[in-house]
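The values are calculated or read from the model by the stated rules, or taken from the named source; none is laboratory data. Keep in mind that this is a model prediction, so the values were computed, not measured. Positions of Cβ are backbone-derived with ideal geometry, glycine not excepted, and every protein chain shown enters the neighbour counts.
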């Protein structure tokens, strides 16, 4: 019973923040352009500051099971390959295939996962989660854009009546490198690791400033998720949405967590694996689908549903592992 209460206390604030965001939207206090602006502010300023501060307070000398990072990377590559094969088997049109691959592949571990970790551990004690999420960022940047571009171009060719839509996979290496190294989240991780290595000690006013900014991250993220929640076209796309949700939140994490459990991972290391495997779809799935000619409507519906459903699935995952004495 105690684990049930502890788990509820971890997850309940996220539900309340989302309900608050939904209420604010209904009252007209949070309109779409304002939500978009807040999301950009969080991803480019507040979340990088949050990550920097956590590295600043962290001590990696006790970091164990460093191999979990390699396993997370390997699993993501396996997941990407599996989704490409599955969309071919199910014979999706290119636009929908690209979006189905994206929504099941990329996750919100940098935002959602770190928010969960911050509810469970004090600052500086969930560095494994931040490291895992940060390592995935370059992989997402490197793989999702060219793959989505391929499927988007293939759909355009089919729409134009150009045979079987035999598009070529194009990768602009220079642009890709620029995207990765100019990402504020990547910059924050590099600066945080540097500051931690140098044992940088900030004055009290600077530490208080960083703490204040960091405290805005979790509430703003989930309030904006609640304000963005919309499922107007769910009925038409219900089959693919249900399939995507089951893969993303249940089937994939269930399979991916078998080896970490067998290897004896627990506490922060197990939590890092959990949030990288069971977090909802990343928010970039919508703008990427829209910009690269894939199914943006499906991406929007999935983002809303996966963000809402993940509150409950994450509750169950954390409760189960607490019952097993692993978290």
Worksheet item: From the set of residues in the stretch 119-153 that are under 20 Å from residue 307 (Cα atoms) and more than 15 Å from the chain's Cα centre (by Cα), which is surrounded by the most Cβ atoms within 10 Å (Cβ to Cβ)?
Response: 120
Fill in: Matching entry among 130, 103, 114, 73 (being out of contact with any strand residue (DSSP E or B) (no Cβ under 8 Å at 6 or more places or on another chain), modelled with pLDDT of 85 or more and assigned to a helix (DSSP H, G or I))
73
Worksheet item: Does residue 140 satisfy being closer than 28 Å to residue 51 by Cβ and at pLDDT 70 or above?
Response: yes
Practice prompt. From 298, 270, grab the single residue that is closer than 21 Å to residue 242 by Cα and assigned to a helix (DSSP H, G or I).
Written response: 298
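Could you please let me know if residue 24 is buried (at least 16 other Cβ atoms within 10 Å of the Cβ), in a helix (DSSP H, G or I) and modelled with pLDDT under 85?
Answer is no for this residue.
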Worksheet item: When residue 205 is evaluated against the numbered criteria (1) touching a residue at least 40 places away in the same chain (Cβ under 8 Å); (2) more than 17 Å from residue 51 (Cβ to Cβ), which criterion, by number, is the only one it fails?
Response: (1)
Practice prompt. Might you let me know whether the stretch 151-159 holds any residue that is within 30 Å of residue 116 (Cβ to Cβ), out of contact with any strand residue (DSSP E or B) (no Cβ under 9 Å at 6 or more places or on another chain), at pLDDT 75 or above and in a helix (DSSP H, G or I)?
Written response: no
